[in-house]
Protein chains: 2
Amino acid sequence: MSETVGVSLLGAGNIGAGVIAALSAGASRYAARVGRPIEVRRVLVRDTARVRAGLAPHQIVGRLEDVLGDPGTQIVIEIMGGEHPAREAIEAALRSGRHVVTANKEVMAKAGGELLQIAADHGVRLLYEASVGGGIPVIGPLSRDLLANEVSAITAIINGTTNYMLTAMTQQGADYADVLAEAQRLGYAEPDPTADVEGIDAAYKIAVLCGLAFNVEIRPDEVARQGITSITARDIAYAERLGYVIKLLASARLISGAVAATVQPTLVGANEPLAKVDGVLNAVQFEGDLVGRVLFEGPGAGPGPTSSSILADVLDVAQDVVTGRRPLAFVPRRRLRVALPAEHEARYYLRIAVQDQPGVLARIAAVLGEQQISIASVIQFDRATADGTAELVFTTHQASGGALQTAVAAIRAMDVVREVGNVLPMAG
Amino acid sequence: MSETVGVSLLGAGNIGAGVIAALSAGASRYAARVGRPIEVRRVLVRDTARVRAGLAPHQIVGRLEDVLGDPGTQIVIEIMGGEHPAREAIEAALRSGRHVVTANKEVMAKAGGELLQIAADHGVRLLYEASVGGGIPVIGPLSRDLLANEVSAITAIINGTTNYMLTAMTQQGADYADVLAEAQRLGYAEPDPTADVEGIDAAYKIAVLCGLAFNVEIRPDEVARQGITSITARDIAYAERLGYVIKLLASARLISGAVAATVQPTLVGANEPLAKVDGVLNAVQFEGDLVGRVLFEGPGAGPGPTSSSILADVLDVAQDVVTGRRPLAFVPRRRLRVALPAEHEARYYLRIAVQDQPGVLARIAAVLGEQQISIASVIQFDRATADGTAELVFTTHQASGGALQTAVAAIRAMDVVREVGNVLPMAG
């Protein structure tokens, strides 16, 4: 029996440096918890010539085979990011009998079910706490602490960039473009912000959570997705006057045997816990049949929080290595039909620019009525502009997404309608 | 090898009925996760003559020996509550080689370290997720998901009764006595509310969390404890005007080699996540060196949430039974010196009733200054009353608890001071 538990890293960078520093700083505590010291064996990097803090030259390798060829490596930490070659590296590590800890949301979203099956077939574990919610425990609580529950819904603020931007728009009354520029200057948004502002990052994460919460496989491109690029300072101001804040919510639920997963800007009731999650914070709310609603909130990114989650997984599986625990039987994930957006139900907010003339409101109300959509409120917050445009904000009672799509198409075609602005769901 | 995992319950009542109902409703899911069905073997009750839903007569027993004499029982769930005879029953179950799952905060606070050692000595596990925070995962995240962190502080709203009462006082401007009566009518407060309103319940829970977060043993009577009975509608109104809400916070931190644990009404900055936890909800916030701050929020009581936590532990240990995992090595808890309240440091709020005459404010300020306590603000919110009493509200910068005690004694002795009202710490 080995006297240490050996870990090797695929990828270095900020996160890798954070993990290595934490393993060194916490060495004696971790050894006491695990029962043996944890030893960093190999680190796979692109540039093997560069000197790295805390690592000897023989630990730095340039080929995956140099890691997998090391008999002292029992756990592989994958922090390369991106789909390829990370996915192939994870698969090779699992097939070589190594436990794998990954922070890779994209790979887990696109191939999680398959890789978990490969892990089970090879008697090893694949852990991925850091792939969703940064430092917030999400995967662990869902797979252990809430395991007795039938989870009915997940609702999450799971992208720090967009939450920072929407919070700034709300607090400063600022416009999207200004806030994006500020977020880029502060390093909260990438030079190319597409993955964040279009909800792609959040779609990966909600797909990962669907696998865990419902044991259902859903591809990220099956998540109904709308980014925040169309949200204006007006929408946020109207929402506020109605008692709501706009958040980019990632959510998933089962509806009559189908799985519905969305990433959408949503009006959230100002007293809801999720409405109060501001700035770069992330939060994930679960609804279970026994527990009701629980919410986890914390930092969704950064080397410290990500290291916290990666090392939680490393310590967990290291304990298995020492105690000889066999992995649990894997319950293969179901493939369910993916609910179409038309099948979703919600209360809706509609902002519509119209010609300021009598009878317009009644005509729009009639179109909604034809689709059995019941109106909760209509408000013209401001006077018509000089060119005779008035902006109406409708809110509806619970309505089907299909009926709403039909009504919106009909409203858009009306001669007195200048623009149908945002159509957003409302929650809480 | 047995074909089921056998669980027996010590105690019935609401929680027991909830656990049994959930085990029945989730039977097939739980069997898939564990690898074997979970079977309810015996239920220890006071009144064996009463018929109980879902149980056959042979399952209902009146003596602990009838449970421990059952070779099919591998896991014992203790939900009797109170210190005796629950503590002795847990110990007997552990010594008989049974894993134990308990919801008992009092026993875990008073004897947790000792019982965990007994469990380790007998190669079994003692789990207690339901003892703190009802359905909110707290023990699990702390012992697994946040294990890589050096935890520096825990701050929690951990008693639903008092949080309901303080929230009602804040939202309705109501007085303590009225709100207590309403809480009793709604069943949120006991006929004898002492354990809740005096912070005894919260002290048990923070003592349990000290053991886990710091691996430090602290007795519940070593927790510096102040209840909410002295909080008035005035205090809440003053706090609000200063930008704070009053919450009964249970907190623990290490200060220079000593452990400081308190349960105290505290002014919490209105933008802090904990300030937004309202009604009967509970929340626990951890600060760790890697993760920063994370917060878990949810229902702190009730049969459903409590069953969720009990069954999470049952499923966890049942997986161990099936996979043959040996328990981890137990790291015995340290005994640290308990910090005296005089060693605590905080910003403070002081409400002082004085004779309305010139120079009084200056004299009080001078007394604070003598103790090196720096004043952040002094406000007389309202005019003096007809009898010439004016109420002053002081807030201080960071000050030592000892200096504050000395200053408050001197202020109380001043001829112009009619009453020193509440002296409360401020956070956030």
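Of note:
- A simple count of charges around B:A183, restricted to other residues whose Cβ falls under 12 Å of its Cβ and scoring Lys, Arg +1 and Asp, Glu -1, yields -3.
- As an equivalent ellipsoid, segment B:89-143 spans semi-axes of 19, 11, 10 angstrom, where each value is the square root of five times an eigenvalue of the C-alpha gyration tensor, largest first.
- Proximal charge balance of A:A153 [Cβ under 10 Å; K/R count +1, D/E count -1]: +1
- Förster-model FRET efficiency, 56 Å R0, A:D415 and B:S152, C-beta, rounded to 0.05: 0.30
- Point-to-point label distance, B:A258-B:E88, nm (Cα→Cβ direction, 7 Å offset): 3.7 nm
- Segment A:337-361 residues near the modelled A:A237 label - backbone nitrogen below 18 Å, point 7 Å along Cα→Cβ: A:350-354
- With the label put 7 angstrom out from Cα along the Cα-to-Cβ vector, B:G369 ends up 7.4 nm from the copy partners, going from closest to farthest.
- Only Cα pairs under 8 Å and 6+ residues apart enter the sum, and on that basis the relative contact order of segment B:140-299 stands at 34 percent.
- Of all the options A:A261, A:A207, A:A53, the one that moves most in a Gaussian network model of chain A with Cα springs shorter than 10 angstrom is A:A53.
- Test item: A:129-142 mean partner chain Cβ contacts at 10 Å: 4
- Estimated FRET transfer efficiency when R0 is 25 angstrom, pair A:R46-A:Q184 (beta carbons, to 0.05): 0.45
- Volume per residue that the Cα convex hull of segment A:139-299 spans, once the total is divided by residue count, Å³: 111 Å³
- Distance between the pseudo-spin-label points of B:E370 and B:N271 (7 Å out from Cα toward the beta carbon): 3.8 nm.
- For B:R42, the residues 5 or more places off, or on other chains, whose built amide H falls under 5 Å of its own are B:S8, B:L9.
- Percentage relative contact order, chain A, counting C-alpha pairs under 8 Å, at least six apart: 16 percent
- Calculated label separations, B:S152, copies of the chain, 7 Å along the beta-carbon direction, nm: 4.1
- Here is how far apart the B:D387 label points are across copies: 7.0 nm, shortest first, using a point 7 Å from Cα toward Cβ.
- Separation of the alpha carbons by more than 29 angstrom is noted, of A:K105/B:K247; A:K205/A:K276; A:K110/A:K247; A:K247/B:K247; A:K205/B:K276; A:K105/A:K247, for A:K105/B:K247.
- All-pairs alpha carbon distance profile, segment A:101-231, 5 Å steps from 0, percent: 2, 10, 18, 20, 18, 13, 9, 6, 3, 1, 0
- Other residues with beta-carbon under 13 Å from the beta-carbon of A:K105 carry, at +1 per Lys or Arg and -1 per Asp or Glu, a net charge of -3.
- Span-like helix ranges in chain A, DSSP H, alpha carbon extent 27 angstrom or more, Kyte mean at least 0.0: A:303-323
- Note on segment A:139-299: dipole from Cβ charges, positive end direction compared against A:A189, A:T232, A:A148; the farthest Cα belongs to A:A148.
- Value of D in µm² per second that Stokes-Einstein yields for segment A:192-242, Kirkwood Rh from Cα pairs, at 10 °C (1.306 mPa s): 126 µm²/s
- Stokes-Einstein diffusion coefficient of chain A, Kirkwood radius over Cα pairs, 25 °C, 0.890 mPa s, in µm²/s: 105 µm²/s
- If you run the Gaussian network model on chain B, springs between alpha carbon atoms under 10 Å, then out of B:G359, B:G134, B:G211 the most flexible one is B:G359.
- Extent of segment A:313-428 along its three principal axes (Cα atoms, max minus min coordinate, largest first): 77, 29, 21 Å.
Taken together, the values in this text are just the output of simple stated rules run on the coordinates, not laboratory data. Here the structure is a predicted model, which is why all the values come from computation and not from measurement. Here the Cβ is made from the backbone with ideal geometry for all residues, glycine too, and neighbour counts use every protein chain on show.
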